[in-house]
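Peer 1: If you scroll down you'll find the structure; I have some questions about it.
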Amino acid sequence: MAMFNRMLDSFGPQHWWPGETRLEMMVGAILTQNTSWKNVEKAIAGLKEKGILNIEGLHEIPLSLLAEEIRPAGYFNIKAGRLKNLINYIKEGYDGDIPLFFREKTDALREGLLSVKGIGPETADSIMLYAAKRPVFVIDAYTYRILNRHRVVDDQATYHDLQTLFMDNLSEDVALFNEFHALIVKTGKEFCRSKPLCDSCPLNGWEKIDIQTSY
DNA sequence: CACCAGGCAAGTA
DNA sequence: TACTTGCATGGT
């Protein structure tokens, strides 16, 4: 059976991305960099409570205060700067108009996100797929770990290598890409951390390149 | 106690 | 170009 169906049968739909607004999803994408979602939730909740989870609020709050607000998410000084960079980019280029920002064509939107200091390929693609709802496959450390462990890719496969592998074998379906990535993270967390846990992994016996599926 | 979490940029050679 | 290091809280 295909990789996707094995995971879906085991875990069911994951319903990503958590977040009520596109801005909240973008903020979450930055805050979750190398950080558990649990910690991100605390920081997001804090921002909501202060009423600053909006363009103007995030623009007006001083950098040092923003850092304190997002402390639970870790790397708070770094991430406060990264949030400011994104907000400034949308303020300057799109007058702080988020709907206008998301009206950009897919390639231009991705390039724009990548031009923001602190937004790399995974963060940009998470925003592309989950906030902008574009058919861009998100790669992360779990994707690499799982495919490498199953000898589908070699040790030095790059982000782009993995992204191309998935996108060449799947139709451009936002809902499929959404669930696929979420299920990879779920499977990685549950079964791809240490050896013994591999025993009951739904991907056991999955060796050949069987990425193609429909959803 | 060590190790990791839904990365990224900057520094080093 | 190809590694290495800093960033930091909170859970296992």
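Peer 1: For the stretch A:1-30, which residues satisfy the criterion of being surrounded by fewer than 15 Cβ atoms within 10 Å (Cβ to Cβ) and within 17 Å of residue A:87 (Cα to Cα)?
Peer 2: Once the filter is applied, which keeps residues that are surrounded by fewer than 15 Cβ atoms within 10 Å (Cβ to Cβ) and within 17 Å of residue A:87 (Cα to Cα), the stretch A:1-30 yields only A:21.
Peer 1: Yes or no: residue A:182 under 20 Å from residue A:56 (Cα atoms) and of a type in the set (Gly, Ala, Ser)?
Peer 2: Numbers: under 20 Å from residue A:56 (Cα atoms): no; of a type in the set (Gly, Ala, Ser): yes.
So residue A:182 fails the test.
Peer 1: Would a scan of the stretch A:25-33 turn up a residue that is of a type outside the set (Asp, Glu), outside any helix (DSSP H, G or I), in the same structural domain as residue A:117 (by TED's automatic domain parsing) and within 16 Å of DNA strand C (Cβ to nearest atom)?
Peer 2: At the first step, the residues of the stretch A:25-33 found to be of a type outside the set (Asp, Glu) are A:25-33.
Applying the additional criterion that residues be outside any helix (DSSP H, G or I) yields A:32-33.
Within this subset, residues satisfying the condition of being in the same structural domain as residue A:117 (by TED's automatic domain parsing) are A:32-33.
Cutting the leftovers down to within 16 Å of DNA strand C (Cβ to nearest atom) gives us A:32-33.
Yes, the stretch A:25-33 has at least one match.
Peer 1: State all residues of the stretch A:161-215 that are closer than 23 Å to residue A:18 by Cα, outside any helix (DSSP H, G or I) and of a type in the set (D, E, K, R); if no residue qualifies, say none.
Peer 2: Passing the criteria: A:172, A:173.
Peer 1: Which residue, of A:46, A:57, is out of contact with any Cys (no Cβ under 7 Å at 6 or more places or on another chain), more than 13 Å from DNA strand B (Cβ to nearest atom), under 25 Å from residue A:14 (Cβ atoms) and in a helix (DSSP H, G or I)?
Peer 2: None of the others qualify; the one that does is A:46.
Peer 1: Restricting attention to the stretch A:95-105, report how many residues are closer than 27 Å to residue A:40 by Cα and surrounded by 13 or more Cβ atoms within 10 Å (Cβ to Cβ).
Peer 2: Here the count works out to 5.
Peer 1: When you check residue A:43 against the structure, is it in contact with a Ser or Thr (Cβ under 6 Å, 6 or more places away or on another chain), surrounded by 17 or more Cβ atoms within 10 Å (Cβ to Cβ) and among the small types (Gly, Ala, Ser), yes or no? Spell out the reasoning first.
Peer 2: Working: in contact with a Ser or Thr (Cβ under 6 Å, 6 or more places away or on another chain): no; surrounded by 17 or more Cβ atoms within 10 Å (Cβ to Cβ): yes; among the small types (Gly, Ala, Ser): yes.
Judged against the criteria, residue A:43 is not a match.
Peer 1: Return the total of residues in the stretch A:164-196 being farther than 15 Å from residue A:7 by Cβ and modelled with pLDDT under 95.
Peer 2: Total meeting the criteria: 4.
Peer 1: Name, by its number, the condition in (1) of a type in the set (A, V, I, L, M, F, W, C); (2) surrounded by 16 or more Cβ atoms within 10 Å (Cβ to Cβ); (3) more than 14 Å from DNA strand B (Cβ to nearest atom) that does not hold for residue A:65.
Peer 2: Of everything listed in (1) of a type in the set (A, V, I, L, M, F, W, C); (2) surrounded by 16 or more Cβ atoms within 10 Å (Cβ to Cβ); (3) more than 14 Å from DNA strand B (Cβ to nearest atom), residue A:65 misses just condition (2).
Peer 1: Output the number of the condition that residue A:102 fails; it satisfies all remaining conditions of (1) under 17 Å from residue A:126 (Cα atoms); (2) within 16 Å of DNA strand B (Cβ to nearest atom); (3) hydrophobic (A, V, I, L, M, F, W, C).
Peer 2: If we test residue A:102 against (1) under 17 Å from residue A:126 (Cα atoms); (2) within 16 Å of DNA strand B (Cβ to nearest atom); (3) hydrophobic (A, V, I, L, M, F, W, C), just (2) comes out false.
Peer 1: Select from the stretch A:1-43 the residues that are β-branched (Val, Ile, Thr), within 12 Å of DNA strand B (Cβ to nearest atom) and over 12 Å from the mean Cα position of the chain (by Cα) and list them in ascending order.
Peer 2: Of the residues in the stretch A:1-43, the ones β-branched (Val, Ile, Thr) are A:21, A:27, A:30, A:32, A:35, A:40.
If we keep only those that are within 12 Å of DNA strand B (Cβ to nearest atom) as well, we get A:27, A:30, A:32, A:35, A:40.
Once the filter is applied, which keeps residues that are β-branched (Val, Ile, Thr), within 12 Å of DNA strand B (Cβ to nearest atom) and over 12 Å from the mean Cα position of the chain (by Cα), the stretch A:1-43 yields only A:40.
Peer 1: Could you identify the single residue in A:141, A:73, A:157, A:80 that is more than 30 Å from residue A:7 (Cα to Cα) and either surrounded by fewer than 18 Cβ atoms within 10 Å (Cβ to Cβ) or not β-branched (Val, Ile, Thr) (or both)?
Peer 2: After ruling out the rest, the residue left standing is A:80.
The values are calculated or read from the model by the stated rules, or taken from the named source; none is laboratory data. For clarity, every value in this text was computed on a predicted model and none was experimentally measured. Every residue, glycine among them, receives a Cβ derived from its backbone with ideal geometry; neighbour counts consider all protein chains shown.
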